[in-house]
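We did not get these values from a lab; they are worked out from the coordinates using the rules stated. Computed from a predicted model, the values in this text were never measured in an experiment.
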Amino acid sequence: MDNKHCGRLLLELALGDMNNKNYGMAEAMTAMGDDGICGALAAAAAVLYSKKEIGDAEVCHDELMDWFESSFGGYDCESVAGGIGALRDAICPKLILMTYLRLRTYTHPDNSLSQKALI
């Protein structure tokens with residue numbers, strides 16, 4: 001993962017979808033740190049709030065949080081990948097991809113990408 005923060009990687013994917021070249025925003029996701037909430041989840045929430053009306057974003061956010069917890073067993077790096085370390089490289093790439101694809105169901109309702117096709 002080239003020592004890039006999970007949130008930065010997910011945000012770079014989402015910005016590419018939006019034809020947004022503001023990679024400074026992606027760089028800023030690195031400030032989230034590595035010991036709290038999963039960066040990919042935080043980045044997905046940030047994209048939701050930037051793309052949706054507040055009421056819609058709150059509903060989507062709640063659904064995203066429920067999906068993430070049931071898919072990965074929690075919200076923070078410790079719960080998801082046993083903290084930062086050896087498991088990160090094994091777990092996080094798939095987590096980033098799955099979270100990105102889930103995010104696309106909210107930001108691109110006519111989404112033609114399939115999780116099964118990419119995993």
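By how many nm would the segment from Asp89 to Trp67 grow when fully extended, if each residue of separation counts as 0.36 nm and the alpha-carbon distance is taken off?
Contour length minus the Cα-Cα distance gives 5.7 nm.
Tell me, what ³J(HN,Hα) does each residue in segment 98-110 have, in order and in whole Hz, if you take phi through Karplus 6.51 cos²θ - 1.76 cosθ + 1.60 with θ = phi - 60° and put x for Gly and Pro?
Residue by residue, segment 98-110 yields 5, 5, 4, 5, 5, 4, 4, 5, 8, 8, 9, x, 8 Hz.
Taking θ as phi - 60°, what are the ³J(HN,Hα) couplings along segment 55-70 by the Karplus curve (6.51, -1.76, 1.60), each to the nearest whole Hz, with x for Gly and Pro?
Computed from phi, the couplings for segment 55-70 are x, 5, 5, 5, 5, 4, 4, 4, 5, 4, 4, 4, 4, 4, 4, 6 Hz.
Would you mind checking which residues have amide H under 5 Å from Asp76's amide H? H placed 1.01 Å from N; only 5 or more apart, or other chain.
When sequence neighbours closer than 5 places are left aside, the close amide H contacts are Cys38.
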